[in-house]
Amino acid sequence: MDWLKDTLVFETRGKGMYLITNDVQGLLTEWKVQEGQVTLFVPHTSASLALSESYDPDARMDVEQFFERIAPENQTWYRHTTEGSDDSPSHMRAVISHNSLNIPVDQRKLSLGVWQGIYLFEHRHTPMHRKILVRCLKVT
């Protein structure tokens with residue numbers, strides 16, 4: 001077995017879900033991974049990772065709206081507002097979502113469901129520089 005690693009870097013345009021499935025698959029193709037396990041980790045406190053439907057854009061918009069409703073901005077009880085009205089809610093959204101994902105790799109492909117896609121979920125208004133650490137255990 002081989003242990004492969006790299007970092008994917010993204011410049012977000014602000015809040016929203018960014019489809020990154022092809023970026024991850026591209027690394028696996030470059031590494032010639034036939035079979036293995038890939039781990040993704042986002043080392044940020046105001047961004048997260050998500051597996052969600054990637055076919056219908058309405059599904060993505062519904063997920064984004066769900067997070068807006070579950071952790072709304074401008075609540076009077078928020079204390080952590082140093083960086084603006086999205087400061088506390090962005091951390092809350094990151095806490096209730098995922099900072100890492102593990103995905104099997106079979107026959108050179110991510111073993112995702114038919115409609116699943118991997119998303120970088122940005123929780124801040126302003127454009128951000130985000131990193132995703134990619135680690136892969138490749139069966140040789």
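The values are calculated or read from the model by the stated rules, or taken from the named source; none is laboratory data. Keep in mind that what you see is a predicted model, and the values were worked out from it rather than measured. Virtual Cβ from ideal backbone geometry, glycine too; neighbours counted across all protein chains shown.
Residues considered: 63, 9, 33. Of these, the only one that is surrounded by 11 or more Cβ atoms within 10 Å (Cβ to Cβ), within 18 Å of the chain's Cα centre (by Cα) and of a type in the set (A, V, I, L, M) is 63.
Summed over region 25-79, the residues that are of a type in the set (Val, Ile, Thr), over 19 Å from residue 123 (Cα atoms) and at pLDDT 95 or above give a count of 4.
Counting only strands (runs of 3 or more DSSP E) that sit wholly inside region 1-118, those with at least 3 residues that are hydrophobic (A, V, I, L, M, F, W, C) and either touching a residue at least 12 places away in the same chain (Cβ under 8 Å) or touching a His at 6+ places or on another chain (Cβ under 6 Å) (or both) are 2-11, 35-41, 47-53, 100-106.
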